[in-house]
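**Student:** One structure, pasted below without further comment.
The values are calculated or read from the model by the stated rules, or taken from the named source; none is laboratory data. Quantities reported herein were computed from a predicted structural model and do not represent experimental measurements. FYI the Cβ positions are ideal-geometry reconstructions off the backbone, even for glycines, and counts take in every protein chain you see.
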Amino acid sequence: MICFSCPGLVFGFYFYYFLQSGSWEYYLGGRWTNEPGVMRTAFLPGHDKMTAGFFFLPGIPRALASVLTLVLCALLSLSFRSQLQIRQADHEKNHGRAGRGRAPENHGHVTEVSVEKRLQLRAYAGELKQYVDRVLAAGRGAKG
């Protein structure tokens, strides 16, 4: 889920510079790097181009506008990429991977590779459980 929303988050980060000022000059010109009072005004309603949250809704505080932009872009990215994954899974189910006919089916038969992988996972899970038990025991010993 996080991987699906990251492209939108990155896009939203840069797009907010445009939404705040109405042009890319604010970002590309570097004006945003020299605003000494921004922390004082970030949570107050804007009244002009320099303090506006959005250039089209200047009354919204910058802090709220930036968070709204990031959340909305992340959600749009998550939605788009989730739908893309569903369509890809349907396509692979119907046409096989990479469009090369139907995917081979094992009809419930366990292959030697899957047995080996299961054994490796069980061994790893056992080692992990032992490690967690040791850490918990050490934590209890330190408290008592």
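**Student:** How many of the residues making up the range 53-73 are over 20 Å from the mean Cα position of the chain (by Cα) and either under 12 Å from F18 (Cβ atoms) or among the hydroxyl-bearing types (S, T, Y) (or both)?
**Tutor:** 3
**Student:** Looking only at the range 43-54, which residues are touching a Leu at 6+ places or on another chain (Cβ under 9 Å) and surrounded by 12 or more Cβ atoms within 10 Å (Cβ to Cβ)? Please lay out each step first, then the result.
**Tutor:** Of the residues in the range 43-54, the ones touching a Leu at 6+ places or on another chain (Cβ under 9 Å) are 43, 46, 51, 53-54.
Within the range 43-54, G46, T51, G53, F54 meet the criteria.
**Student:** Another question about this same structure. Taking the condition of being modelled with pLDDT of 85 or more and crowded, with 16+ Cβ neighbours inside 10 Å, how many residues in the range 28-41 meet it? First the steps, then the outcome.
**Tutor:** Going through the range 28-41, the residues modelled with pLDDT of 85 or more turn out to be 28-29.
The next check asks that each one be crowded, with 16+ Cβ neighbours inside 10 Å; those that pass are none.
Selection size over the range 28-41: 0.
**Student:** Now for a separate question. Helices (runs of 4 or more DSSP H) wholly in the range 1-93 with at least 2 residues that are touching a residue at least 24 places away in the same chain (Cβ under 8 Å) - which ones? Quick ask: steps written out before the conclusion?
**Tutor:** On the way: elements: 2-21, 25-28, 38-41.
Ranges flagged: 2-21.
**Student:** With under 22 Å from N34 (Cα atoms), surrounded by fewer than 16 Cβ atoms within 10 Å (Cβ to Cβ) and not β-branched (V, I, T) as the only criterion, which of L75, L64, L57 stands out? Outline the logic, then answer.
**Tutor:** On the way: L75 fails: under 22 Å from N34 (Cα atoms); L57 fails: under 22 Å from N34 (Cα atoms).
One residue alone meets the criteria, L64.
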